[in-house]
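Here the structure is laid out as structure tokens; the discussion comes afterwards.
The values are calculated or read from the model by the stated rules, or taken from the named source; none is laboratory data. Treat the numbers as computed from the prediction; the structure is a model and nothing was measured. Neighbour counts are summed over all protein chains in view; Cβ atoms, including those assigned to glycine, are modelled from backbone coordinates with ideal geometry.
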Amino acid sequence: MNLLSGQMAGFHITPTDGAPGARSLFRLHRVTTLAGQNTPLLVLDGIIIASEAMQMLESPLSLLNPNDIASVTLLKDAAATALYGALGANGVLLITTKTGTAGRKLQVQFSSRMGVAQLAKKVPVLSADQFREAVRQYGMPEAQAGLGSASTDWQEEVYENAVSHDQNLALSGQLGWLPYRVSLGYLNQNGILTNSHFTRASTALSLTPSFFKNHLKTALHLRRGSSDSRLPNERMIDLPLWYNPTLPNDAEENHLEYPNPLKLLKNQKNDGTGEKEIANLQVAYSFGFLPGLSAHAQVGYDAYNAKRDDTPSTRNAMGLYSQFEQGLKNKTQTYSLSYTDTLQALQSHVDVTAGLFKQDRKRTYSYSDRLVFADNPYGNDQGRKRTGFASSKHSAFFGKIDYTLKNKYFATYAIRQDESGIFAPAENKFTSTALGAGWLLTEEPFLQQLQALSTLKFRASYGVQYNLPVSQENTVNSFTQTTAILYSPELTPEKTTSINLGVDLGLFQGRLQGSVDYFNRTTNNLLVYQFLNSASIYAYLLSNEGKLKSSGFEVALDYTVVNTPKVKWALALNTSYSTSEIQDLQWASYGSSAFFINSSFPRLLSQNGGSPYAFYLHQQKYQDGKPLEGQYTDSNSDGLPDFTASQSAIPSTLMGLRSHVAYQKWSFDFLARAATGHSVYNGPAAFHGNYRSVSYEAPNNISASVFSTNFRNTQYLSDYYLEDASFFRLE
């Protein structure tokens, strides 16, 4: 995902955190859902693999070796994705891996990379001297007695330069009648946070033999990735910020809420292992008695297992030792018939495909914990153990017709009927359809005289696709936590109607190529989370309510600036703009499949008439440019501050610029990318930008934002802490 960031128009990628091997959130810029699947479908060599939307212990994609990838294609408009039906409603990311080349001798490729990472920017907190002054002014006598004589920058103590390396070896060619490729990879990625790392060992084997004079073509892909990681608890990111900066780095103070972060990082062990196995067999047979007719079969198996052990660091206080295991088995089958023929008399070409798809998934969970003490690290109680598993089945029929007339008029029609058992009986079957058309104007006589114009093509598509919830599973043995998701008995899939208009352009013998697309999408029967009042747990009801409209444009340009035997220079620019509005929504929807965290502040809310994923906060009042503590807008004079949903967390504009310069055997590349039109919530400043923490018996450090607000108490629901998230990054 990091390699694709900024490279494709309308494709938004956001890392969840900076930990080694961490997952990234990725989605199309064309927002069409609030609580349904909002990430593109991942298809590796024709089989569907585990989605990033699933709450895995680590990213399933992190166990795949990017050095094995040959190409990546992103499908976005309905005509291209309708063949995948409800699974492809939010785009399809096709990943094709490298294979051996028939007729070639043994080729050996080896690559070695090394990198160094360091902390780019510190969170602004009080220095030791500023902290002493704050405690003397606002702290109790006990707090002042807790001041030390040191000046420790705890962020400097816990972060370090992290060296990483990546080694890859690949052998490919043809052995007798058998084209093959085998690869080995090893990645060791250290984190900038002390005592954190991620390692991955990967193997891949591809065999692509053909038989019966190429009438029978087969492909077998086997790959395995395993990982070993140590990732400190997310709390470790906060501890260095707020620990007393007047204490030395070897301080023995055992404050239960804020212990010595350096010692905790070195002693606490949060170890994890992961394994991912993918097997894929493809068979295609061309019938000799009817040229153009072929049968295709594909069977895929995708398995993922992960385990994490969290061992607390304890001295005199008790801690919680926990184990979490998670597994996924995903089996897919696809069978299809294809017929292609050129009709000379009609100057036409036709390509027809029809088939059947089946998917069977099963997830397993296991969680156990027990209390441990410094003098008894194995615990003296039986602890708790919870297990569960969930399964789902999905099936579909699909068909597609592509028709070309005179090599300049194009039409396509795709249809797919999906079936899922989580919906009401009358709604468990739903059909996605799409119609596309194209006109290659440069094949027309009246444009062939324009030498500068090499390509001009108009495209249009219209489609109706359905979308499913993030989890389409029937839970057999509930693995419950503090959040409960309930399904409405009348639940139906979302229905998205989309229109796409596009132009493909080529100038100067193809040196300048580009495309411009306009899209307009409307999703009805929105899947939304409604909060239910409950004294014991956070409960949400998944139901249908309202609609979402989104529209925008995408531009992609490629320009060959210089192309000589010695020097080559190519530029690629992409940008996209998208706007969305929620309509006919009676109840506010909380969270989403990407942002759903029940205890987060602030909540991300989707409200009628607003943008999706807006921050839900109080409107701060100001005097002379300074925020007034505890004073917020109260438009209806009921004595309670207003909650308003404004400033979306999703950018409205994305941009990327890539440059590649090559001189003989040397090359230089850069990627510039930017995002604008969205906001971010400054959590450290919101929770710690006040003087209350320095008044405690064991005082904690605070955010330097207190110099701007002078807040005495926490004001975490103030929109003062919303900041412009626009950025420009050069790599």
Task: Pair list, Cβ under 9 Å, 6 or more apart: the stretch 608-634 residue under 16 Å from S708 (Cβ atoms), other residue of a type in the set (D, E) and outside any strand (DSSP E or B) - done: Q620/D719
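Applying the selection to the stretch 6-44, what residues are charged (D, E, K, R) and more than 30 Å from D504 (Cα to Cα)?
Step one: filter the stretch 6-44 for residues charged (D, E, K, R), giving 17, 23, 27, 30.
Scanning the stretch 6-44 gives D17, R23.
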Task: A411 being modelled with pLDDT of 95 or more, assigned to a strand (DSSP E or B) and within 30 Å of T353 (Cα to Cα) - done: yes
Task: Residue list for the stretch 138-169, restricted to those being among the polar types (S, T, N, Q), in contact (Cβ under 8 Å) with a residue 24 or more places away in the chain and in contact with a helix residue (DSSP H, G or I) (Cβ under 8 Å, 6 or more places away or on another chain) - done: S151, T152, Q155, N168
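Do the conditions hold for A556, that is, is it closer than 16 Å to G510 by Cβ, touching a strand residue (DSSP E or B) at 6+ places or on another chain (Cβ under 7 Å) and buried (at least 18 other Cβ atoms within 10 Å of the Cβ)? Write out each step before concluding.
Numbers: closer than 16 Å to G510 by Cβ: yes; touching a strand residue (DSSP E or B) at 6+ places or on another chain (Cβ under 7 Å): yes; buried (at least 18 other Cβ atoms within 10 Å of the Cβ): yes.
It is true that A556 is closer than 16 Å to G510 by Cβ, touching a strand residue (DSSP E or B) at 6+ places or on another chain (Cβ under 7 Å) and buried (at least 18 other Cβ atoms within 10 Å of the Cβ).
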- [ ] Could you figure out which of (1) over 30 Å from S580 (Cα atoms); (2) surrounded by 15 or more Cβ atoms within 10 Å (Cβ to Cβ); (3) in contact with a strand residue (DSSP E or B) (Cβ under 8 Å, 6 or more places away or on another chain) isn't true of Y663?
- [x] (2)
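Restricting attention to the stretch 674-725, which residues are of a type in the set (S, T, N, Q), in a loop (DSSP other than H, G, I, E, B) and without any contact (Cβ under 8 Å) to a residue 60 or more places away in the chain?
Hits for the stretch 674-725 are N682, N690, T714.
Among V476, V503, which is assigned to a strand (DSSP E or B), at pLDDT below 85 and surrounded by fewer than 18 Cβ atoms within 10 Å (Cβ to Cβ)? Outline the logic, then answer.
On the way: V503 fails: at pLDDT below 85.
Just one listed residue meets the conditions, V476.
Output yes when any residue across the stretch 231-240 is modelled with pLDDT of 90 or more, buried (at least 16 other Cβ atoms within 10 Å of the Cβ) and over 25 Å from V163 (Cβ atoms), and no when none is.
Step one: filter the stretch 231-240 for residues modelled with pLDDT of 90 or more, giving none.
No; the residues of the stretch 231-240 include none that is modelled with pLDDT of 90 or more, buried (at least 16 other Cβ atoms within 10 Å of the Cβ) and over 25 Å from V163 (Cβ atoms).
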Task: Counted residues, the stretch 621-654 - those being under 25 Å from I582 (Cα atoms) and not in a loop (DSSP other than H, G, I, E, B) - done: 8
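Checking the condition at pLDDT below 85 and within 30 Å of D302 (Cβ to Cβ), which residue from F357, F373, F397, F389 passes?
Working: F357 fails: at pLDDT below 85; F373 fails: within 30 Å of D302 (Cβ to Cβ); F397 fails: at pLDDT below 85.
Every option except F389 fails the conditions.
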Task: Residue count, the stretch 648-671 (criterion: touching a Lys or Arg at 6+ places or on another chain (Cβ under 7 Å) and closer than 15 Å to A9 by Cβ) - done: 3
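Just the residues that are within 30 Å of L450 (Cα to Cα) and free of Cβ contacts under 8 Å to residues at least 60 places away in the same chain, please, taken from the stretch 489-505. Before you say what the answer is, go through the steps one by one.
Initial filter on the stretch 489-505 (within 30 Å of L450 (Cα to Cα)): 500-505.
If the condition is that a residue be within 30 Å of L450 (Cα to Cα) and free of Cβ contacts under 8 Å to residues at least 60 places away in the same chain, then L501, V503, D504, L505 are the ones that fit.
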Task: Considering residues of the stretch 278-296 that are aromatic (F, W, Y) and in a loop (DSSP other than H, G, I, E, B) only, the residue farthest from S210 (Cα to Cα) - done: F289
Open item on the list: I'd like the residue in the stretch 600-620 that is part of a loop (DSSP other than H, G, I, E, B) and out of contact with any Phe, Trp or Tyr (no Cβ under 8 Å at 6 or more places or on another chain) and, out of all such residues, is modelled with the lowest pLDDT.
Closed with: S600
Open item on the list: I'd like the residue in the stretch 302-320 that is closer than 15 Å to R230 by Cα and assigned to a strand (DSSP E or B) and, out of all such residues, is modelled with the lowest pLDDT.
Closed with: T311
Open item on the list: Considering only the stretch 705-714, I want to know if a residue exists there that is closer than 29 Å to T633 by Cβ, touching a strand residue (DSSP E or B) at 6+ places or on another chain (Cβ under 7 Å) and surrounded by 15 or more Cβ atoms within 10 Å (Cβ to Cβ).
Closed with: yes
Task: Failed item, numbered, when S536 is tested on (1) at negative phi; (2) at pLDDT 85 or above - done: (2)
Task: Any strands (runs of 3 or more DSSP E) falling wholly within the stretch 90-192 and containing at least 2 residues that are in contact with a Lys or Arg (Cβ under 9 Å, 6 or more places away or on another chain) and either surrounded by 13 or more Cβ atoms within 10 Å (Cβ to Cβ) or of a type in the set (D, E) (or both) - done: 92-97, 162-175, 178-190
Task: Index of the failed condition, T633 passing every other in (1) at pLDDT below 90; (2) over 30 Å from P40 (Cα atoms); (3) surrounded by fewer than 16 Cβ atoms within 10 Å (Cβ to Cβ) - done: (1)
TODO: Give me the pairs, please: first residue somewhere in the stretch 340-351 and within 14 Å of Y409 (Cα to Cα), second residue anywhere and of a type in the set (A, V, I, L, M) and exposed (fewer than 15 other Cβ atoms within 10 Å of the Cβ), beta-carbon distance under 6 Å, and either six or more positions apart or on two chains.
DONE: S348/L405
Open item on the list: Here's a check for you: in the stretch 423-473, which residue that is in a loop (DSSP other than H, G, I, E, B), among the small types (G, A, S) and surrounded by fewer than 19 Cβ atoms within 10 Å (Cβ to Cβ) is farthest from the chain's Cα centre (by Cα)?
Closed with: A452
TODO: For G88, work out the one condition from (1) more than 30 Å from K217 (Cα to Cα); (2) within 27 Å of the chain's Cα centre (by Cα); (3) of a type outside the set (A, V, I, L, M) it doesn't fulfil.
DONE: (1)
